[in-house]
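K.L.:
Can you read through this structure? Questions will come right after.
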């Protein structure tokens, strides 16, 4: 067999290159398919660190992952997988497609069992959750909540579905709580189960989304830039840095971002700083000067000028308004 790079070979038909049958044909022949490795739910459970385990019981497994080094070469699972990006995009490939697809924060992908696939982070900022469900667990959900007949038809091959506000909210709640806290761990287990059910409900009632190609979807690249800015809002982010990081010219980055958002990169950066400052003002008792420093301003007065220009309110105005609301 030729020594081929699977990551580049994914652009052609893997079936023809390796002349292999579907992964399902190997279920009784051990963990290695010759080109794709079995990563069973139990193997994932055994190999995961405590920090990566969002929920772990006999009935469910939910994992956290990410980082720029995230890359899982061709593999398959013995159960259903739902992969939900939280920040940054993933290059997703599977045995049914000749080309990869970008999986961004606006959608999630469902991969049926014994379907070979590969996932690779596009940027350093990537974070995701992965939910795994056995046939037994899906049957239990059906027995309690009703038939998943339409969903099962759609899951004959990997498919993308829209990330709804409810799903996004459950993701955030799953992340909340102190690590090692038993109450938080128990709550996350229930939240992960609710997240799985909400994803299945979305699959049941919605049509799959088309796969997003990195060379034809500027909105996905803009989503990556926005995610990077949000995670680094407190730092100086010159246009040259962002353009270089995302492999764009200054002109292309500026035009693409404005076409997709209606605003400039610099203006979005300022808006994100102010959004984060307002969040800290409303949720903490930190001094205004400390909040200003955390979101990248030199002083409280600099934050105040920026907030007044963008929102018409100063940090003091915002806190006074919250105090009045609390009294009423």
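K.L.:
What ranking of 207, 56 emerges when the number of other C-beta atoms within 10 Å of each C-beta is taken as an exposure proxy, fewest first?
P.N.:
Fewest-to-most ranking of 207, 56: 207, 56.
K.L.:
Right, something else. Among 307, 220, which comes first, then next, by fewest other beta-carbon atoms within 10 Å?
P.N.:
220, 307
K.L.:
Calculate, in nm to one decimal, what residue 173 and residue 106 gain on full extension: separation in residues at 0.36 nm each, minus their alpha carbon distance.
P.N.:
Roughly 22.4 nm would be gained on extension.
K.L.:
Restricting things to Cα coordinates, could you compute the convex hull volume per residue of segment 140-280 in Å³?
P.N.:
Convex hull of Cα atoms, per residue: 166 Å³.
K.L.:
Then there is this: If one computes P(r) from the Cα atoms of segment 241-291, what percent of pairs lie at distances over 12 Å?
P.N.:
Cα-Cα pairs in segment 241-291 separated by more than 12 Å: 69 percent.
K.L.:
Report the gain in length on full extension from residue 207 to residue 219: 0.36 nm times residue separation, minus Cα-Cα distance, nm rounded to one decimal.
P.N.:
Working it through step by step, the gained length comes to 2.3 nm.
K.L.:
Hey, another quick one. Which FRET efficiency, nearest 0.05, do residue 255 and residue 96 yield, Cβ-Cβ r, R0 30 Å?
P.N.:
Once rounded, the FRET efficiency stands at 0.30.
K.L.:
For labels at residue 142 and residue 244 in the simple 7 Å Cα→Cβ model, what's the distance in nm?
P.N.:
5.5 nm
K.L.:
Which peptide among 86-95, 166-175, 141-150 comes first, and what is the full order, when sorted by highest mean count of other Cβ atoms within 10 Å?
P.N.:
Packing proxy ranking, top to bottom: 86-95, 166-175, 141-150.
K.L.:
Under the 0.36 nm per residue contour assumption, what length would be gained going from the current alpha-carbon distance of residue 157 and residue 275 to full extension?
P.N.:
38.5 nm
Taken together, the values in this text are just the output of simple stated rules run on the coordinates, not laboratory data. Just so you know, these numbers come straight off a predicted model, no measurement behind them. Note: ideal-geometry Cβ built from the backbone for every residue, glycine included; neighbour counts use all protein chains shown.
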